[in-house]
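The values are calculated or read from the model by the stated rules, or taken from the named source; none is laboratory data. As the structure is a prediction and not an experimental result, all values here were calculated from the model. We place every Cβ from the backbone using ideal geometry, glycine too, and count neighbours over all the protein chains shown.
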Amino acid sequence: MGKRRASETNRGEIPKSGTQLRASAADLIVAWVLVVGFVAYGYYSIMPPSVAGSDTRQADFSGARAADHVAVVAAEPHPMGSEAIAEVGVYLASELEALGLDVRPQLVTAPDYYGGAGTVEVVNLVATIPGTETTGTIALMAHYDTFPTTVGANDNSAAVAAILETGRAILAGPPLRNDVILLFTDGEEPAPRYGSTAFIAENPMAGDVALVVNLEASGNSGPSMLVETGGSETWIVDQFAAAVPTPTAFSFVGATAALIGDVGTDFDPFRNAGIPGVHLAYMRGSPVYHSPADNVASVDWDSVQHHGSNALGVARHFGNLDLTTMPATGDSVYFPLRPAFIQYASGWSMVAALAAAALVGLALVRSRRAAPIAIGPLTRAAGVAAVATLIATIGATLAWLVIASLRSTPSVLESYFYLLCLFGIGAALGRWPINRSNGAGTADLFGFVLIWVALGLLTALTAPGFSYLFTLPALAAAIALNWHVGEGRASRVTRFALVAAPTLVLLTPAVDFFFQLGQPRPGNPDSNIPATASVALLLAFLAGGLLAGVWRNWVSDGDSASRAVAPIS
């Protein structure tokens, strides 16, 4: 047996780890506790804060007070041009006047988009909270029209209520330096965005807007997330993170929005006009979007609280800045690690990717001291890992397409149950090419690490906003490959944790985001693209393959693993 293993090594193959799994029950428990804990922490970064009660201080935002407005605004469907939206407009104007604000309607004639021939009147409502010495105007914006088939409690009555309550809280606190306008637009649901387009083109107040804050919802729960920015992204994200109590902003989300271009909200005309700003939305539970299920009972008030806390924080922070000039800054990478917020220049992504590649190369050089490793087997290892990942992703995606066609309105918890089932389906399918490759030694750790390093280099070069999802786990894995502190089980579990922490913490929000984008939306077939979930599944299987390789090679095979493919000691 020893001679055969030596001859295989001389042919340049990557030595295989032991095939007898000797992981104890304690090892398995520790590994699963780590996995669940890291996933839970990653998910914590995309949870909205708890809703405040009605006894909140007058100068604070209260989701409970906002709920009273939602109940009125979302009493019935109110699309543009309807009698119902005129009644909502009267209610909004009366509430603004009750705050002591002067309401300035902007009337626009637009085609009767839902009624056929003829025209209707679109009415924007604008109220100004004057600053003490303004350097520019901050516009807090939400559209108050709905899709014809829904009362729109989330889209967009919750945002309307959040801005009303934000305006009240601003007036109850210290005066701001800059003017703040509360802008309620009409005619957002049709693609032309009649209200916001007319505000930019015709309203003289548009020329004074130095920053716009747009609130939206395409679901019924989840965090109030920074979806996109206008203007100097790095500076605005940095200020946003300083302004709000619980910032939820991911550069991969901003990069995704940039790839899409116009995402279809009132923020588009402002961004296209070169006006800086932020677009905030909550998106979990998107099957209710534009459907009768988007009712008051479906609203998650924690999401509304987060919406309002963000709007108030941004208004107060930017409301006391000098907005005459905003620094020009380059791109950056950013994400929350609550309670912290991480942001760094995008150039560091390439540094991290190159460091990971160099450390993997060092690990290969060090491993040659024990046995030569040829390029062929190493390439085959990466190829098998790639094939396994693709088979798992394609199989799970096809299964999701079937589920989404049979169950078009899953709840949030139900959709997560399906996600777990899809992981199981994909994992089973992905094992086939690995088993066919004759064991873990050629298709596990080195193969997956090489894929992660390649993806890190590719995204650092072409899409820096996505890069940290790959560069940081790849760097952690490359460091662990060169781990040489001890050979006990504790050392191996520590190496597992070193790789699992950045992989699971960073990818969990991305998996959640892309899986939510892939939810069925029967109320809006144009945005119903369940295949988008394939991105979430691909990320999940890449993470699973990497961690499974770590487990097999460093933990479950005991001391024999430390002499195998990759822990080079």
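Summary table
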{"read-out": "Matching entry among ALA201, ALA210, ALA206, ALA297 (being part of a strand (DSSP E or B) and either over 24 Å from TRP348 (Cβ atoms) or outside the structural domain of GLY187 (by TED's automatic domain parsing) (or both))", "value": "ALA210"}
{"read-out": "Residue that is surrounded by the most Cβ atoms within 10 Å (Cβ to Cβ), among those in the stretch 254-275 that are touching a helix residue (DSSP H, G or I) at 6+ places or on another chain (Cβ under 6 Å) and closer than 19 Å to THR329 by Cβ", "value": "GLY254"}
{"read-out": "ALA93, sole failed condition from (1) among the aliphatic types (A, V, I, L, M); (2) in contact with a Gly (Cβ under 6 Å, 6 or more places away or on another chain); (3) in a helix (DSSP H, G or I)", "value": "(2)"}
{"read-out": "Residue among LEU390, LEU337, LEU413 that is outside the structural domain of THR508 (by TED's automatic domain parsing), surrounded by fewer than 17 Cβ atoms within 10 Å (Cβ to Cβ), of a type outside the set (Ser, Thr, Tyr) and under 26 Å from the mean Cα position of the chain (by Cα)", "value": "LEU337"}
{"read-out": "Filter result (hydroxyl-bearing (Ser, Thr, Tyr) and under 21 Å from SER298 (Cβ atoms)) within the stretch 379-422", "value": "SER408, THR409, SER411, SER415, TYR416, TYR418"}
{"read-out": "Residue in the stretch 419-426 that is in contact with a Phe, Trp or Tyr (Cβ under 7 Å, 6 or more places away or on another chain) and either closer than 26 Å to TYR289 by Cβ or in a loop (DSSP other than H, G, I, E, B) (or both) present", "value": "yes"}
{"read-out": "Any hit, the stretch 489-502, residues being polar (S, T, N, Q) and either more than 30 Å from LEU226 (Cβ to Cβ) or surrounded by 24 or more Cβ atoms within 10 Å (Cβ to Cβ) (or both)", "value": "yes"}
{"read-out": "Test set (1) out of contact with any helix residue (DSSP H, G or I) (no Cβ under 7 Å at 6 or more places or on another chain); (2) under 17 Å from GLU228 (Cβ atoms); (3) among the β-branched types (Val, Ile, Thr) - VAL278 fails condition number", "value": "(1)"}
{"read-out": "Check on VAL278, under 18 Å from ASP155 (Cα atoms) and assigned to a loop (DSSP other than H, G, I, E, B)", "value": "no"}
{"read-out": "ILE479, sole failed condition from (1) in a helix (DSSP H, G or I); (2) at pLDDT below 95; (3) in contact with a Phe, Trp or Tyr (Cβ under 9 Å, 6 or more places away or on another chain)", "value": "(3)"}
{"read-out": "Selection count where residues are out of contact with any Asp or Glu (no Cβ under 8 Å at 6 or more places or on another chain) and either among the acidic types (Asp, Glu) or surrounded by fewer than 16 Cβ atoms within 10 Å (Cβ to Cβ) (or both), scope the stretch 100-132", "value": "11"}
